[in-house]
Each structure stands twice: as structure tokens, then as C-alpha cells.
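Contents: one structure, followed by commentary.
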Amino acid sequence: MSRRGLPSNIRFYNICIHAFGKWRRLDMSLKLFAAMKTASPPLVPDICTHNSLIRALVVGARVADALVVYDEMKSFGIEPDVFTYRAIVDGCCKSFRMDDALRLFQEMRGSYGVKGDVVVYNSLLDGLFKAKKLDEACGFFETMVADGIQCSASTHNTVIDGLFKNGRAEAACRLFYDLRRKGQLLDGIAYSIMVREFCKEGKGDQVAEAVELMKEMEERGFAVDLVTVTSLLIGFNKSRRWDLEEQIVKFIRDSSVLPDAIRWKSNMMSALQGPQDREKDGTSIFPFDGNIDDVMSLVNPVVCTGANEETPKDEPKDDWCLSPHLDHLAKHADHLNSSAIFTIDRGQRVQGMGAKTFDADMVNTYMSIFLAKGKLSVACKLFEIFTTLGRKGTSYTYNSLMTSFVKKGYLKQVWAILHERGGQLCPNDIATYNLIIQGLGQMGKAEVAGSIISELSKKGVYMDIVMYNTLINQLGKAGKVDEANSLLEQIIGRGIKPDVVTFNTLININAKAGRLKEADKYLRKMIAEGIAPNYATETILVFLDKEIEKKRQQPR
DNA sequence: TTGAGAACAG
């Protein structure tokens, strides 16, 4: 085939680079970038090209590279615009680089005089809340208003969620009910957040309240979607309020949730298909009428068979090299995809397929999918929820799942990771990865988990607090309490705020190791940080008290 | 640009 059919204009390349970035094919985006050089006539990357590449790097969890490209782009005289900032600020926030994010934000307002839009502001706001910088987040919200930015529903959702997750439940509720009363800028996601909160503790009356909210959602025309239903199911499970089950089953049966559930299933299915089907992913949804093969040939050029009316081979190249760093990345494009173990985004959504019933068959499907992905605890939870929901006929039992699948499912993934064969199994979900780390711990391989994490951290892969908490716990259980303790500084050094679980874990492992002074130190530190204890803290403190008492009774 | 599902005790 020839490359003749391909449009050789910048817009075409930009759209392709953008699309491949979205599909997590950073390698393709970079190859297309490199191919612009050899196009005939050669194309000079513009602001859109750079924006698309920065976004692709961010999606591929290469935020550090994105920052370099951003700097280079400026130094070549291309002025960043609001899309640049949307991408790069979002990337920094999602990887806890809040200092970078704020610096870029100031740069945007200052030297480049770009008027940021509500998206950029929301991104920063969310980042601050997620980094547990409550005061700064509230301050930033004021800045936003002062800058004359019109709040959106997402802004409010971000604030409501952020307040809840930073221990300000009353404030969050006040905001929600206020907005509800005024009937403005409130969408289904706000309801979903409220439902989650009501279900979280598993207190019966609160869960009942959540059901009422769900009904109101429905009445107002907001979709009661799978996320909301999942929260509710978990609430039912915790509270044992299966009397409420009737209502939700009804909703599942005849509301808009069903298509969502199916979409979720097909999403998981396609995630399971494995890397060998990735090429196909590109073909089936490629948005052009043109032939995908033409694009592929552009990426992996083949010798033209037909007449050679256009031979750009001796064209003077490299005169326009606007980004040495991008060139460098493009040369190693193949390597890039496998090294990005997981990405910044959460699970990707895939379009739904035909209608099916929400029955035992589907339950089994869910189970096998989660088990195959190594999500054992999710599988167990779902199993519990669905069986209690009353659909008869799953032949699985809790215990046999535990024993038979953990080893098979888990070890396979652990093996793949250990051998750095990202291609074999590519968990691009951080929760999956956390489960692998957890599995390693159960196998008594805390050091392996530790070295994997430090390896990842060297590569600049972003890690969240859950992953650190898991590792701290494992090191503690393996008797490496000093190493565990030292992780706290590492966490803080990365701009991540330790949370209640971090401190619970630290107190617990130190107490268990007989280091009562250390345990006490962490308890004080937790209080000093203004972190509220939770139900687990209580149990741990009871243990700590007993240990202290023991020590007192047998002095020396 | 926002919401679940992963981590701490027993």
C-alpha cells in the first residue's frame, strides 16, 4: 500500500496524535510526531500538536516528560494556551506535583496572560483537596471567585467531595443542601457523593436516607448509575439492611442502571482481552473513513510500491527541530508503552454492547473477571453482595474462591511484574497494582514489594497513599519496622499527605514490635496533624494500652 | 475537571 491516500496536513496529524494519546497509545502519538518530519512536505508542529503530545504524555503517566516538553515549547517561542494548561496542570495535580501545578498556574496568569477557564481551576482545586491541603484548597476557591471564574457543577462536586474527604462532613452537607434548596448547579454526581457518604459507615438509618436520595435523583432526572448503585450495595452489605434491597433491585431492573452495568462488564471484558488485541482497539473505533492501514504504514513506513512522485528522502531535515526531548522520546517510543505500568486516569470506559439480563450469569462473569484481574477482595465483596441480593444459582463459594484463585490469579501477575514483562499483563489500574503488592506481602515477600516500589518511583511512576500504606504494613509485619517508619518521610517528601490509615498502621506495627515509644510518637503526630482517628484506631489503641500496661507491670 | 471498587484492626 502507499501513503498516497493520506492527507498530508497538520490537522490530520494533530487529530491522530490526539486520538492515540486518548487511547493510551503514547508510542503511536510519538511516532506520528516523528513522521511529521518526513511527510511531504514536512510539517512543522504547532501549538495543537504540542498540546496533544503533552496530553498524551500525561495520560501515559509521563508527567515529568510533559513538563520538559512544555518548557521546550516555550523556549521555541510557541506560547502555551488554555488547552496546554488544562493538560499540564491536570497532570501535575493527578501525580501530586502540587508545587509544579501552582507554579504553572501562576505562570499562566502572569507571564503568559492566558485567561484560565473553569476547567483549569477545577483541576487545581481537586488536586489541593486530594493532597489534603484543606486550607489551601479553600483559599484557592476564594481566588477562583475573585478571578471572576463562573463555578460549574463540577466545581461544587469537587468541593463537596473534598470537604468530606478532609473530615469536614458538616460543611459538605451544608453546601449540598444549600444548593439543593436553590435548585442550581447541582447534578447527579453531587447526589452520588452524598449517597456514598450515607452508605460509608453502614449505619442503617443513614443507608435508608441514601435510598431516599437515590429516589430523588431519579425523580429529578439524574441517572442513578453504576457508581451510585455500587455505593448503595456496599451500604446494604455493611448495614445488613437487606429490607432495602427490594427498592434497589427494582431500580436495577427497570432504570437506566442496567445499560451502565453492562457497559461496565464489557469494559472489564475488553481490559481482559490483553495486549494482543490492542491494535484492534484502534481499528474498530478509528474516527476516519480512511484506512487504518494507511496510518499504520505512516508509523511503520513501508517502501512505496507505486510511482514515486513524491520522494522526500533527501529533504533537508532537522532544521525545524522544535523539541529535542520529543525527538528523544519518539526514538524510544516502543519502550515507552510497556514501561508505563499504570496510568493516571482511572479505569477507562468502553462503549456498551447489547442488552442482557442482570442475573446469575452476569454475577459469574463479574467474578471471573475480577478474579482474573487479581482483584480478589473486590470479587469477594461483589460475590457477597450479589448472593445476598437473592439471585440464586452461583455455584461458587467464598472459601474456595479464596484458596483456589488467589494463588493462580495472583502469582501469574506477580510473576509478570517481577520479570518486568509489562506486555504479558498490563495492569493499568493502580488498585490492581496495590493488590499485587498486597499479594506479595501475603507471600512473605515484603522486600520484593519494596524494591518494586522504589524501582517504580525511580521511573517517575506515580503512587498513591494506599500503595504506601500497604507497603508500610508489610514491612512492619516482616519485622522491618525501621524501613517502614522511614517511608513516612518519603511520603511527605513526595507531597503526599499521610492519612489516618498511615498513622494507624505505623502505630500498630510499632506497638506490635514492642516499640511503645515510637507508637506513642506517631499517635501524637497524628493528633498534631489534625487527623481524626477512626474505628480502626480505637482497636489499635486498646492494644497499645494493654502493651503499655504490661510493660509497667513487669518493669526491667 | 468531579463520584465506587484497592490499604489499617479483629
Of a type in the set (Asp, Glu) and surrounded by 16 or more Cβ atoms within 10 Å (Cβ to Cβ): which single residue out of A:Glu529, A:Glu483, A:Glu549 fits that description?
A:Glu483
Of everything in the range A:171-193, what is under 21 Å from A:Glu216 (Cα atoms), more than 10 Å from DNA strand B (Cβ to nearest atom) and outside any loop (DSSP other than H, G, I, E, B)? Give them in sequence order.
A:Ala172, A:Cys173, A:Arg174, A:Leu175, A:Phe176, A:Tyr177, A:Asp178, A:Leu179, A:Arg180, A:Arg181, A:Lys182
Report, by residue number, each residue of the range A:134-167 that is part of a loop (DSSP other than H, G, I, E, B) and within 15 Å of DNA strand B (Cβ to nearest atom).
A:Asp147, A:Ile149, A:Gln150, A:Cys151, A:Ser152, A:Asn166, A:Gly167
For the range A:114-123: of the residues being among the hydrophobic types (A, V, I, L, M, F, W, C) and within 10 Å of DNA strand B (Cβ to nearest atom), which is surrounded by the fewest Cβ atoms within 10 Å (Cβ to Cβ)?
A:Val118
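Take residues that are more than 17 Å from A:Glu447 (Cα to Cα) and tell me which of the helices (runs of 4 or more DSSP H) falling wholly in the range A:464-547 contain 3 or more.
Qualifying helices (runs of 4 or more DSSP H): A:481-493, A:500-512, A:516-528.
Considering only residues that are under 13 Å from A:Leu57 (Cβ atoms) and in contact with a Leu (Cβ under 9 Å, 6 or more places away or on another chain), look in the range A:91-103 and name the one that is surrounded by the most Cβ atoms within 10 Å (Cβ to Cβ).
At the first step, the residues of the range A:91-103 found to be under 13 Å from A:Leu57 (Cβ atoms) are A:91-92, A:94-95.
Checking which are in contact with a Leu (Cβ under 9 Å, 6 or more places away or on another chain) leaves us with A:91-92.
Numbers: A:Gly91: 30, A:Cys92: 25.
Of everything passing the filter in the range A:91-103, A:Gly91 is surrounded by the most Cβ atoms within 10 Å (Cβ to Cβ).
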Selection over the range A:66-91 where residues are within 16 Å of A:Phe140 (Cβ to Cβ) and either away from DNA strand B (no atom under 12 Å from the Cβ) or among the aromatic types (Phe, Trp, Tyr) (or both) yields a count of 1
Could you list, ordered by first residue, the pairs with Cβ atoms under 6 Å in which the first is in the range A:173-191 and touching a residue at least 12 places away in the same chain (Cβ under 8 Å) and closer than 20 Å to A:Val224 by Cα and the second is of a type in the set (Lys, Arg) and not in a helix (DSSP H, G or I), at least 6 apart or interchain?
none
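Every number in this text was worked out from the coordinates using simple rules, so none of it is lab data. Computed from a prediction, not measured in an experiment: that's the story for all the values here. All Cβ positions, glycine included, derive from the backbone under ideal geometry; neighbour counts span all protein chains shown.
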